[in-house]
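Right, one structure below, let's go through it.
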Amino acid sequence: MKKKMFLSLLVVVLISCVTINIYFPAAEVEKAAREISEEVRGLKPEEKTPPEKQNESKIFYFGTAKAYAQQELSVTNASIKQLKARMKARYPKLRPFLVRGIVGEGADGFLVIRAADSLNLRERANLQRLVQAENRDRKALYQEVMKALGVAPKDLPRIQRIFAKEWQRTAPRGTWIETKPGKWTRK
């Protein structure tokens with residue numbers, strides 16, 4: 001009887017000590033944001049395999065083989081690749097508006113039209129469509145990154161803020177940057 005009571009108490013104590021540790025992969029999101037923003041904006045240098053590693057991959061070893069592990073971006077899938085390709089193709093059209101300060105980089109990871117007064121009606125409509133398409137792709141990108149990393153939907157705003165910092169960092173000179181909600185500064 002005492003043994004059963006002791007075991008029951010032990011089980012209750014062990015169960016009550018279990019804590020759920022919810023992990024937000026900030027480093028992985030930061031790395032993904034940095035790589036994606038640099039790739040979209042054409043700032044990422046092409047990675048080339050050093051000649052000595054190219055040759056080693058063609059040699060067959062008997063016994064212990066040398067293995068070179070290259071740290072790959074764990075946040076990639078077909079949807080992310082398509083989104084990046086569309087954003088990369090769109091960026092040359094957006095860049096002049098960023099440089100002129102007509103479009104700014106928001107603190108929430110989205111583009112904001114700030115000063116379209118200098119544009120005629122047709123240019124404004126084209127810019128509006130361009131910014132909407134970019135923001136739609138950014139929203140989808142953030143959701144895909146969230147899924148790829150297994151992040152809870154409640155953490156989507158954190159992903160957006162991390163990406164916002166990278167979009168702002170890689171923005172061209174002249175771009176308006178929202179440092180805090182409602183507070184803008186020119187880069």
Query raised in the report: Quick one: Karplus J couplings for segment 132-148, per residue in order, coefficients 6.51, -1.76, 1.60, θ = phi - 60°, nearest Hz, x for Gly and Pro?
Result: 4, 5, 4, 5, 5, 5, 5, 4, 5, 4, 4, 5, 5, 4, 4, 5, 4
**Report entry** Local net charge near residue 128, Cβ-Cβ under 12 Å (Lys/Arg +1, Asp/Glu -1)
**Finding:** +1
Report summary line: Under the rule rounded for a/c under 1.5, else prolate if a/b exceeds b/c, else oblate, using alpha carbon gyration tensor axes a ≥ b ≥ c, segment 132-183 is classed as prolate
Query raised in the report: Counting Lys +1, Arg +1, Asp -1, Glu -1, what net charge surrounds residue 144 among other residues with beta carbon under 11 Å of its beta carbon?
Result: +4
Query raised in the report: Across segment 163-180, in residue order, what do the Karplus-derived ³J(HN,Hα) couplings come to in whole Hz, using 6.51 cos²θ - 1.76 cosθ + 1.60 with θ = phi - 60° and x for Gly and Pro?
Result: 5, 4, 4, 6, 4, 5, 5, 8, 5, x, 4, x, 6, 7, 10, 8, 6, 9
Requested in this report: Express in nm, to one decimal, how much length is gained between residue 143 and residue 27 on full extension, taking 0.36 nm for each residue of separation and deducting their alpha carbon distance.
Outcome: 40.1 nm
Query raised in the report: For segment 114-129, what does the Karplus curve 6.51 cos²θ - 1.76 cosθ + 1.60, with θ = phi - 60°, yield as ³J(HN,Hα) per residue in whole Hz, taken in order and with x for Gly and Pro?
Result: 9, 8, 9, 4, 7, 9, 7, 4, 5, 4, 4, 5, 5, 5, 4, 5
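Since every read-out is calculated from the coordinates, none of them should be taken as a lab result. This one's a predicted model, so the numbers in the text were calculated from it and none came from an experiment. Using ideal geometry, Cβ is built from the backbone for each residue, glycine included, and neighbour counts are taken over all protein chains shown.
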